[in-house]
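Report on the following structure.
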């Protein structure tokens, strides 16, 4: 298997945040395979954050994989292409790519791979189709790949949280803890951030605000260092919730403004509006209210421009 991404745009809000994971293999010097060539070009574009160029190259790789009738390459290219499209906030395009990839695998008598189920779950989660997201994540959990398992547990916990199912959040947090404690591989920093975020979320739900804030801040720092900015936005918003729980509304508004402005620059406009509206709605102090209001005006201009 050949993947460039993990920690997808979860996941972007999910998934997300996007983070690179060991790009493509070196092409065979004797054999100029067009699939390998376009995958390498796409991988390099991702490294330099040129996602639209990467989308074009991964689409070419997908076409070459179909041309050569190679199911494994179809799966890999379709997976990477869908993640890039999700990273570009082209959710419908990502959904179509997953469907096309699944159909191509089906006519070759191949089932969806766990990683394809994982990106499906991330897409459904972004669309607020929680039941579909949960079912796809369950399938991804069956993977023997620890990285896919970890992402599936984390995403399942986020889904459970959005459905106010605290027991399931706790169960998936325990599964993730167990995976990290028993893993024979080197523990990824992004896994630690996921673990800290779930611990923060559980502590917040249980009213343990000091512990929740400590874990959320640690998760935020790891996200920033890993350049997982979309996931970092979520940890900022969580600190806003924790501050509200502590009745510290000025601090809450500050966290929401920070989350909203980051989301705005990442072009996650729905998330930006949610956090900025919350910051302005608190009327905590003049500075945060003004910053939130100004950012909302900027957001309005940007969304108007994109709709024209």
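For segment 212-231, does any single residue satisfy the condition of being modelled with pLDDT under 95, within 24 Å of residue 171 (Cβ to Cβ) and touching a strand residue (DSSP E or B) at 6+ places or on another chain (Cβ under 7 Å)? Checked against the condition, which is being modelled with pLDDT under 95, within 24 Å of residue 171 (Cβ to Cβ) and touching a strand residue (DSSP E or B) at 6+ places or on another chain (Cβ under 7 Å), segment 212-231 yields at least one hit. Only residues that are surrounded by fewer than 16 Cβ atoms within 10 Å (Cβ to Cβ) and within 20 Å of residue 111 (Cα to Cα) were counted across segment 52-65, and they come to 1. Condition check: farther than 23 Å from residue 166 by Cβ and either buried (at least 21 other Cβ atoms within 10 Å of the Cβ) or within 22 Å of the chain's Cα centre (by Cα) (or both). Does residue 258 satisfy that? Judged against the criteria, residue 258 is a match.
The residues listed here are 222, 250, 297, 242; of these, the one that is touching a helix residue (DSSP H, G or I) at 6+ places or on another chain (Cβ under 8 Å) and either assigned by TED's automatic domain parsing to the domain that holds residue 89 or surrounded by fewer than 15 Cβ atoms within 10 Å (Cβ to Cβ) (or both) is 250. Selection within segment 184-211: residues that are more than 22 Å from the chain's Cα centre (by Cα), at pLDDT below 95 and surrounded by 12 or more Cβ atoms within 10 Å (Cβ to Cβ). The member of this set that is farthest from residue 162 (Cα to Cα) is 206.
Screening the candidates 49, 32, 28 for the property of being assigned to a loop (DSSP other than H, G, I, E, B), at pLDDT below 90 and closer than 25 Å to residue 232 by Cβ yields one hit, 49. Inspection of segment 86-99 identifies at least one residue that is in the same structural domain as residue 143 (by TED's automatic domain parsing), crowded, with 24+ Cβ neighbours inside 10 Å and at pLDDT below 95.
The values are calculated or read from the model by the stated rules, or taken from the named source; none is laboratory data. Since we're looking at a predicted model, the values are computed, not measured. Virtual Cβ from ideal backbone geometry, glycine too; neighbours counted across all protein chains shown.
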